[in-house]
1. I need a count of the residues in the stretch 149-161 that are outside any loop (DSSP other than H, G, I, E, B) and either surrounded by 11 or more Cβ atoms within 10 Å (Cβ to Cβ) or in contact with a strand residue (DSSP E or B) (Cβ under 6 Å, 6 or more places away or on another chain) (or both).
2. Counting only residues that are touching a helix residue (DSSP H, G or I) at 6+ places or on another chain (Cβ under 9 Å) and either outside the structural domain of residue 186 (by TED's automatic domain parsing) or assigned to a loop (DSSP other than H, G, I, E, B) (or both), which one in the stretch 110-143 is surrounded by the fewest Cβ atoms within 10 Å (Cβ to Cβ)?
3. Of the numbered conditions (1) surrounded by fewer than 18 Cβ atoms within 10 Å (Cβ to Cβ); (2) assigned to a loop (DSSP other than H, G, I, E, B), residue 54 satisfies every one except a single condition; which is it?
4. Kindly provide the set of residues from the stretch 1-16 that are more than 48 Å from the chain's Cα centre (by Cα) and at pLDDT 80 or above, ordered by number.
5. Of all the residues that make up the stretch 57-78, how many are surrounded by fewer than 16 Cβ atoms within 10 Å (Cβ to Cβ) and assigned to a strand (DSSP E or B)?
6. Only one residue in 146, 95 is at pLDDT 95 or above, in the same structural domain as residue 55 (by TED's automatic domain parsing) and either over 20 Å from the mean Cα position of the chain (by Cα) or in a strand (DSSP E or B) (or both), so which one is that?
């Protein structure tokens, strides 16, 4: 059996463990989104006005985010944070009732161009690098799919203008993204997306 001193030490350890468990559970339940986000970003979350959970519908981000996954949209995140290349964002696209979720692939000041590949399709180059999906496959657009971006390339002399962004899904041949509607304005970006 334990001595009186050993019993007191054992009881103190159990009480300490119970208190730490309660603090951890309380903190984790109330800050899950913040903990997840800080792990990847360390951005300023003071401007986030809403955390909205959405279930992904569609396959345009397959390989990065799968249909049926839950994501969290951090509304107004970019009111106090810079938009960066490869951020996943929610964008308010006029013909969709729900926001679309895509990658930012080029930011203001980046050079961009379309170059024809051996098969007659067009690759997208940003800052002299051919853009690729998360699976490593170069974006390869048909003549028809490349027309919108060719127009923007010509009109802006191959530079992404201020407050504009190149928004792409994860399908090498394009999706409902900048291949259809061109460069986007920052005002349509609702927030940053975190994958739960």
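1. Going through the stretch 149-161, the residues outside any loop (DSSP other than H, G, I, E, B) turn out to be 149-155, 159.
Subset that is either surrounded by 11 or more Cβ atoms within 10 Å (Cβ to Cβ) or in contact with a strand residue (DSSP E or B) (Cβ under 6 Å, 6 or more places away or on another chain) (or both): 149-153, 155, 159.
The total comes to 7.
2. The selected residue is 120.
3. (2)
4. Going through the stretch 1-16, the residues more than 48 Å from the chain's Cα centre (by Cα) turn out to be 1-9.
Listed by number, the residues that qualify are 3, 4, 5, 8, 9.
5. Looking only at that region, the number is 1.
6. Among 146, 95, only 146 is at pLDDT 95 or above, in the same structural domain as residue 55 (by TED's automatic domain parsing) and either over 20 Å from the mean Cα position of the chain (by Cα) or in a strand (DSSP E or B) (or both).
The values are calculated or read from the model by the stated rules, or taken from the named source; none is laboratory data. Note that this is a predicted model, so its numbers are computed, not measured. Because the Cβ atoms are built from the backbone with ideal geometry, glycine has one as well, and the counts that use them run over all protein chains shown.
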